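The values are calculated or read from the model by the stated rules, or taken from the named source; none is laboratory data. Everything quoted here is computed from the prediction, not taken from an experiment. Because the Cβ atoms are built from the backbone with ideal geometry, glycine has one as well, and the counts that use them run over all protein chains shown.
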Amino acid sequence: MNRPLDLGPLAACVRVSERPAERVAHARDLWPRGTLKLAYERDPGVPPLAVAFPESEEQVASCLRFAAERGMPVVPWGAGSGVCGAAAGRDDALALDLKCLRGVGKVEERGSYGVVDVGAGVLGQHLEDALEVQGWATRHSPSSIWCSTVGGWAVGRSAGQFSSRYGKFEDMALGLRVVGPKGAYGTGEWAEGEDLHEWVLGSEGALGVVTSVRARVERVATARWLRGYRFDSVETAWGAMRTLLQADLRPCAVRLYDSVDTKLAGKGTVGKAKGAAKAGSDWLASLREFVDATPALRRHTLSLPLALPRLVNGILQGLSTVCVLIVGFEGAADEVAASSTAGHRIVMDGGGVDLGAEPGEHWYDHRHEVSYKLSPVYTHGGFADTMEVAALWSRLPALYAGVRAALGRHGLVMAHFSHVYREGCSIYFTFAARGSVDVYDAAWADALAAAAAAGGTVAHHHGVGQLKQAAAARELAGIAPMFHALRSRIDPDGILNPGRIFPDVPPGPEPAAPDLVVDPISRIATLPAQEPGPQRDARLAAEGWRLRHPTPGALSADLSRVAPDDTRVIGASAVIDGRRLVLLPVPRSSAGPDPRRVLPPESYETLTVPIAPVGAAS
Ligand SMILES: Cc1cc2nc3c(=O)[nH]c(=O)nc-3n(C[C@H](O)[C@H](O)[C@H](O)COP(=O)(O)OP(=O)(O)OC[C@H]3O[C@@H](n4cnc5c(N)ncnc54)[C@H](O)[C@@H]3O)c2cc1C
């Protein structure tokens, strides 16, 4: 229900619009549930009351002041490419379209890397283009690079296709300028006093509007090596991927398509790979081509599978037996030559069949396209969506089986494994089902429950939004109260994305302390955080392990960042205000802020950290 609003005082200092077209354009982001409601219920979402286009930090501050004085909710809007409803409009709200926060600075060299200051509204591809002429790149390459902003990447902990080498955007963002209703503040390299960096990363606009970002950048690679391999099962391929990462070869791309994805998504990804399908089994592709070429049949290509997902999933899983793995290395020529030789040997020893360079090069040339090919599902009466979860290597089989089964009860499902780390991996499920909000909600409820039951994070890089609020709050149950306390300091009137990202739910029962264990598959150990170093190291050595990042004192004494593709802390438990909180051990997550490294040092009870075999180089 919209109320009358006099925009005059705001229009005096900021460009602002009440035009219906602008308002409708900011009513929904790319959350497929919104698209579903638009497609089948003619529901365009909730337009904000007005849209402002601030061009500077001062103008953002004016917008927040205007909204606070009127008790208006404010929805920061990057490019609206979020897929979880985080930027969707709401009644009586002021949307802040931030794309006029522009500007890409000159790169400052810092030895092996560089840094650049960027306006938060700069679109990803524009940033990469502006850096390329200076000889640099972030190499943050989400499929949405053409339609997402640097600020959106930061507050959503976005991941790009080369994350195995360069990290997620949270690993690249070294400083943030943020404007809240009580004033502006800096984080990371721009922090003065209290540093809220890890809280703002992943905060999805609830802790202020990010106006500029200091980002780490890399020299443009002079060499690149790409290759495809065939595996008979995802399990065999996981072993090769894990060995590759744990050998510290720093591949830029490691992507495994499960057998259904290899078979069905072939056109856009790897299906043209020589040898990707077993000889003689290309009949499915031929059948699809025949159906696609016949208008009367084309209309029904998906309607039957969408109506009978369990049957069709069963048939597809039975028929599809081959998985394709893409591996890539890039950087300086000598490094690429050495690491690709070693990497190729690992993958071949791990059971891969060499498919040559073509599958890798095909993927690289078309790497953003597949994300934009899901819309036709709506013309078949269905919807399509994606779910990205992640887990330690030791939990990956349960996560894959659990979520695939959960989604498979509602729709057609396939998956690929990308964003690969030493400790674990993310899984990207693509699913399509009948176009009904009830089916949509049931599929997500089941899948989120399955991810949590398997010990995975419910979000690896798409963030929380409205879709995963309850699941993320459960995953981070311990920190939600801390987040809310921080939020009420920064935004006492609660105008910034109210109710998002965590609903204000009471914390559940206090969790038990995590077991002290060594997980040799994921190469991590959960250890007492305050134990003296020599004692801890001797205990680990007796089991054949050492800390990957050696430290002489207690673990809690040094939790600083290591490198964009590496980390010192995988999980933690701490006691804050007499209450234990447990932060899930997971290689990376975007289920909200990630304070695993930044709790008060004395509060840590256990820390889950990377380990290496005694005698190994790293
Ligand atoms: C086709 C497609 C492919 C995608 N591929 C990827 C992928 O490969 N990797 C990936 O990580 N994501 C991907 N996404 C998801 C999406 O692009 C990311 O979530 C991205 O980070 C969102 O950026 P945005 O600028 O569009 O933010 P929006 O969608 O506009 O906003 C997202 C959230 O951030 C807040 N926000 C935005 N800007 C600011 C700011 N400056 N200050 C404070 N709060 C702000 C909003 O209020 C909202 O809560 C994809 C999406 C699509 C549609």
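Tabulated data
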read-out: Matching residues in the stretch 161-178 - criterion: being near the ligand (Cβ under 8 Å from one of its atoms) and crowded, with 24+ Cβ neighbours inside 10 Å; value: Lys168, Phe169, Val178
read-out: Condition met for Leu10 (farther than 21 Å from Gly156 by Cβ, outside any loop (DSSP other than H, G, I, E, B) and either under 24 Å from the mean Cα position of the chain (by Cα) or free of Cβ contacts under 8 Å to residues at least 12 places away in the same chain (or both)); value: no
read-out: Pick from the stretch 449-465, criterion away from the ligand (no atom under 16 Å from the Cβ) and in contact (Cβ under 8 Å) with a residue 60 or more places away in the chain, ranking: farthest from Gly382 (Cα to Cα); value: Gly455
read-out: Residue tally, condition β-branched (Val, Ile, Thr) and assigned to a loop (DSSP other than H, G, I, E, B), over the stretch 36-55; value: 1
read-out: Qualifying residues in the stretch 480-511 (those that are assigned to a loop (DSSP other than H, G, I, E, B), surrounded by fewer than 19 Cβ atoms within 10 Å (Cβ to Cβ) and touching a residue at least 60 places away in the same chain (Cβ under 8 Å)) - the one farthest from the ligand (Cβ to nearest atom); value: Glu510
read-out: Qualifying residue in the stretch 105-114 (condition: of a type in the set (Lys, Arg) and within 25 Å of the chain's Cα centre (by Cα)); value: no
read-out: Pick from the stretch 53-63, criterion among the hydrophobic types (A, V, I, L, M, F, W, C) and within 28 Å of the chain's Cα centre (by Cα), ranking: nearest to the ligand (Cβ to nearest atom); value: Val60
read-out: Of all residues making up the stretch 197-220, the number that are of a type in the set (Lys, Arg), in contact with a Leu (Cβ under 8 Å, 6 or more places away or on another chain) and more than 16 Å from the ligand (Cβ to nearest atom); value: 1
read-out: Residue count for the stretch 186-230, restricted to those that are in a strand (DSSP E or B), more than 30 Å from Arg250 (Cβ to Cβ) and free of Cβ contacts under 8 Å to residues at least 60 places away in the same chain; value: 1
read-out: Failed condition for Ala223, given (1) within 13 Å of the ligand (Cβ to nearest atom); (2) touching an Asp or Glu at 6+ places or on another chain (Cβ under 7 Å); value: (1)
read-out: Complete set of residues in the stretch 82-93 that are surrounded by fewer than 24 Cβ atoms within 10 Å (Cβ to Cβ) and touching a helix residue (DSSP H, G or I) at 6+ places or on another chain (Cβ under 8 Å); value: Val83, Gly85
read-out: The stretch 525-565, subset assigned to a loop (DSSP other than H, G, I, E, B) and polar (S, T, N, Q), residue surrounded by the fewest Cβ atoms within 10 Å (Cβ to Cβ); value: Ser560
read-out: Breaking point among (1) modelled with pLDDT under 95; (2) of a type outside the set (Phe, Trp, Tyr); (3) farther than 22 Å from Leu599 by Cβ, for Thr567; value: (3)
read-out: Members of the stretch 116-160 that are more than 16 Å from the chain's Cα centre (by Cα) and assigned to a strand (DSSP E or B); value: Val116, Asp117, Val118, Gly119, Leu123, Trp136, Ala137
read-out: Where Gly424 falls short, out of the listed (1) away from the ligand (no atom under 15 Å from the Cβ); (2) within 17 Å of the chain's Cα centre (by Cα); (3) surrounded by fewer than 24 Cβ atoms within 10 Å (Cβ to Cβ); value: (3)
read-out: Evaluation of Asp129 against (1) free of Cβ contacts under 8 Å to residues at least 12 places away in the same chain; (2) within 30 Å of Ala11 (Cα to Cα) (one fails), failing number; value: (2)
read-out: The stretch 327-343 residues that are among the acidic types (Asp, Glu), paired with ones that are at pLDDT 95 or above and surrounded by fewer than 16 Cβ atoms within 10 Å (Cβ to Cβ) (beta carbon under 7 Å, 6 or more apart); value: Glu330/Ala223
read-out: Lone qualifier among Arg28, Arg23, Arg33 - being assigned to a loop (DSSP other than H, G, I, E, B) and basic (Lys, Arg); value: Arg28
read-out: Selection count, the stretch 515-524, where residues are part of a loop (DSSP other than H, G, I, E, B) and either crowded, with 20+ Cβ neighbours inside 10 Å or β-branched (Val, Ile, Thr) (or both); value: 4
read-out: Hits in the stretch 67-93 (condition: more than 12 Å from the ligand (Cβ to nearest atom), hydrophobic (A, V, I, L, M, F, W, C) and either within 27 Å of the chain's Cα centre (by Cα) or not in a helix (DSSP H, G or I) (or both)); value: Met72
read-out: Top-ranked residue in the stretch 94-115 [being part of a loop (DSSP other than H, G, I, E, B) and crowded, with 24+ Cβ neighbours inside 10 Å; ranked as farthest from the ligand (Cβ to nearest atom)]; value: Leu101
read-out: Sole exception among (1) on the phi > 0 side of the Ramachandran plot; (2) modelled with pLDDT of 95 or more for Gly499, by number; value: (2)
read-out: Residues satisfying the stated conditions in the stretch 402-429, i.e. free of Cβ contacts under 8 Å to residues at least 40 places away in the same chain and more than 23 Å from Val569 (Cβ to Cβ); value: Arg404
read-out: Selected residue (only one of Leu207, Leu249 is under 29 Å from Tyr400 (Cα atoms), at pLDDT 95 or above and in contact with a helix residue (DSSP H, G or I) (Cβ under 6 Å, 6 or more places away or on another chain)); value: Leu249
read-out: Residue list for the stretch 587-605, restricted to those being within 16 Å of the ligand (Cβ to nearest atom) and not hydroxyl-bearing (Ser, Thr, Tyr); value: Pro587, Arg588, Ala591, Gly592, Pro593, Asp594
